[in-house]
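Comments concern the structure below.
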Amino acid sequence: MYTMDYFSTRGEAEHVSSATAILKGLASDGGLFVPDSFPHLTIGEIEALVPLSYEERAVRILRLFLTDYTEDELRGCVERAYGRTFDDVRRAPVRTVGDLEVLELWHGPTSAFKDMALQLLPQLMSTARKKTGEQDTILILVATSGDTGKAALEGFADAEGIRIMVFYPNGGVSPVQRLQMVTQTGANVSVVAVRGNFDDAQRGVKEIFGDAAMAEELAALRTKLSSANSINWGRLVPQIVYYFSAYADLLEERKITEGDAVNFTVPTGNFGNILAGYYAKRMGLPVGKLVCASNANNVLTDFLQTGIYDRQRDFYQTLSPSMDILISSNLERLLYHLTEDTAQVAAWMTELAASGKYDASRLLPALRENFWAAFADDAATEGEIRAVYERTSYTLDTHTAVAYRAAEDYRRATGDTRPMVVLSTASPYKFGASVLHALGEDTAGLDEFAQMARLKTRSGMEVPARLAALREASVLHKRICAKNDMCTEVLAFARA
Ligand SMILES: *Cc1c(COP(=O)(O)O)cnc(C)c1O
């Protein structure tokens with residue numbers, strides 16, 4: 001068996017094991033950890049996934065990257081992550097909706113796709129803590145545009161030796177997302193609203209990670225910072241699994257035969273989910289195009305079409321708030337894999353920080369070979385929810401609707417009729433008001449729970465039990481801070 005090491009996208013000096021990469025979150029130079037090679041699966045090995053459960057499929061993929069974990073450790077992690085909390089035994093089922101295949105990634109405890117990774121990350125992290133003999137408390141800092149925060153809180157609540165602090169943009173998340181977070185129980189959790197948007201919160205967290213004085217103060221408190229944001233390698237690697245799993249499901253249903261290429265459309269924000277699809281492709285999964293779907297914050301659409309990344313543009317709060325992002329952090333990993341040049345990546349990231357822009361147009365041929373990009377504004381998103389509902393009786397959430405629309409755009413523009421899997425990232429119940437509005441319902445005067453009841457009538461889908469239970473839950477977290485005060489909040493929590 002080989003050993004897989006990890007180093008920073010911005011310099012190859014520091015080589016670490018996967019356990020260390022997962023515990024640290026971010027490399028010392030501010031870059032993101034990347035594996036030193038891509039493992040490869042043959043078509044035969046992919047076919048061998050067909051009769052396996054999701055958990056077994058996960059172990060087959062994870063062991064290729066997490067070579068310092070034993071197979072028993074991985075099996076334990078995966079079973080604890082997906083075994084009890086998912087409401088579908090297939091964990092990530094594929095379902096035909098109209099002419100496309102929809103991969104439902106929201107059967108976990110918070111009804112959004114972040115659970116696929118964030119149920120597993122705490123397991124990988126506490127195993128890593130034991131493996132490396134770490135004695136200090138690990139403090140997880142999370143900036144969230146909505147779904148990550150709750151999924152991380154749910155995954156880490158009461159985890160041994162780990163505490164978690166979540167910052168969300170005040171007014172920038174849906175009412176249900178907010179309720180899910182502020183009612184979180186657990187002795188090791190804290191939730192704070194930031195006066196600013198998601199990028200402000202994310203920048204605040206990144207600054208804290210880079211602050212030497214802060215690290216010293218925390219060290220005195222026997223605390224080390226880490227990240228559960230999608231920049232953590234332990235977030236990315238679980239997401240590779242469901243691309244293989246979806247392919248295995250299509251094989252099983254004889255919708256494809258082995259070796260057939262499949263396209264995937266991914267509703268994208270931080271570029272984590274779609275990057276996992278790129279990894280799957282590099283590992284030998286027959287992937288045609290990866291279609292990157294954005295909302296009105298279409299910085300990635302422009303980037304994939306021109307090679308120029310320019311975050312200097314208006315920021316919109318849209319109906320798909322988990323994609324309201326202008327700095328897609330995981331793109332840095334793609335830049336590395338396309339160039340294998342850490343100095344070049346570091347230079348682009350310096351430019352981005354200094355001027356809000358960088359020119360990677362020399363990568364355009366490679367970008368075009370792997371990706372296609374489109375965006376849908378709010379009107380198109382609502383139109384898509386209504387049109388798909390009328391045609392198929394299936395109810396899409398706002399994020400998935402952006403993707404479904406982009407998938408149709410792709411087919412129309414290119415004539416490519418290969419099977420298309422649309423990644424469905426949230427239950428429609430998580431964005432109930434927007435979905436009902438798109439379906440022509442008047443929600444004035446209906447609270448979140450009356451909306452859930454109305455959506456149940458329209459969609460015929462069960463209300464997720466955990467969402468229904470929010471009605472009785474008490475609000476435990478009421479703090480709001482200015483975007484420049486996040487340091488103070490972290491120190492206060494670390495001392496408490
Ligand atoms: C986080 C999220 C996305 C975007 O995923 P990235 O990995 O950030 O690209 C899309 N949809 C929903 C519902 C999400 O929670």
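The values are calculated or read from the model by the stated rules, or taken from the named source; none is laboratory data. Just so it is clear, the structure is predicted and the values come from calculations on it, not from any experiment. Counting neighbours? That spans all protein chains shown, and the Cβs are built from the backbone with ideal geometry, glycine included. Only protein heavy atoms, including side chains, enter the accessible area calculation; ligands, DNA and RNA are left aside. Shrake-Rupley method; radii C 1.70, N 1.55, O 1.52, S 1.80 Å.
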Looking at (1) away from the ligand (no atom under 14 Å from the Cβ); (2) open to solvent by 10 Å² or more (accessible area, probe 1.4 Å); (3) at pLDDT 90 or above; (4) over 14 Å from residue 322 (Cα atoms), can you tell me which one residue 192 breaks?
-> (2)
Tell me which residues, restricted to the stretch 218-247, are in contact with a Gly (Cβ under 9 Å, 6 or more places away or on another chain), within 21 Å of residue 142 (Cβ to Cβ) and open to solvent by less than 10 Å² (accessible area, probe 1.4 Å).
-> 226, 227, 228, 232, 233, 234, 235, 236, 239
Kindly indicate which of 307, 284 is at pLDDT 95 or above and over 14 Å from residue 371 (Cα atoms).
-> 284
Single residue of 445, 440 found to be modelled with pLDDT of 95 or more and on the phi > 0 side of the Ramachandran plot = 440
Given (1) open to solvent by 70 Å² or more (accessible area, probe 1.4 Å); (2) in contact (Cβ under 8 Å) with a residue 12 or more places away in the chain; (3) of a type in the set (D, E, K, R), residue 456 misses just (2)
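Residues are listed down the side, and each one gets a yes or a no for (1) within 16 Å of the ligand (Cβ to nearest atom); (2) open to solvent by less than 10 Å² (accessible area, probe 1.4 Å); (3) among the charged types (D, E, K, R):
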position: 121; (1), (2), (3): yes, yes, no
position: 126; (1), (2), (3): no, no, no
position: 138; (1), (2), (3): no, yes, no
position: 153; (1), (2), (3): yes, yes, no
position: 156; (1), (2), (3): no, yes, no
position: 162; (1), (2), (3): no, yes, no
Answer with yes or no whether residue 115 is assigned to a helix (DSSP H, G or I) and free of Cβ contacts under 8 Å to residues at least 12 places away in the same chain.
-> no
Picking from 132, 144, which residue would you name as being hydroxyl-bearing (Ser, Thr, Tyr), open to solvent by less than 10 Å² (accessible area, probe 1.4 Å) and at pLDDT below 95?
-> 144
Residue hits (the stretch 249-272; within 16 Å of the ligand (Cβ to nearest atom), among the small types (Gly, Ala, Ser) and modelled with pLDDT of 95 or more) are 272
Can we say residue 468 is at pLDDT below 95 and more than 16 Å from the ligand (Cβ to nearest atom)?
-> yes
Quick check: anything in the stretch 226-238 modelled with pLDDT of 95 or more and more than 16 Å from the ligand (Cβ to nearest atom)?
-> no
Residue within the stretch 89-108 that is at pLDDT below 95, surrounded by 16 or more Cβ atoms within 10 Å (Cβ to Cβ) and not in a loop (DSSP other than H, G, I, E, B) present | no
Restricting the stretch 118-168 to residues that are assigned to a loop (DSSP other than H, G, I, E, B) and out of contact with any strand residue (DSSP E or B) (no Cβ under 8 Å at 6 or more places or on another chain), which is farthest from residue 194 (Cα to Cα)?
-> 133
Can you pull out the helices (runs of 4 or more DSSP H) entirely within the stretch 259-363 that have at least 1 residues that are open to solvent by less than 10 Å² (accessible area, probe 1.4 Å) and small (Gly, Ala, Ser)?
-> 272-282
Check 21, 58 and return the single one that is aliphatic (A, V, I, L, M) and over 27 Å from residue 247 (Cα atoms).
-> 21
Under 6 Å between Cβ atoms, at least 6 apart or on separate chains: pull out the pairs that start in the stretch 267-280 with a residue that is at positive phi and end on any residue that is within 8 Å of the ligand (Cβ to nearest atom).
-> 271/328; 271/330
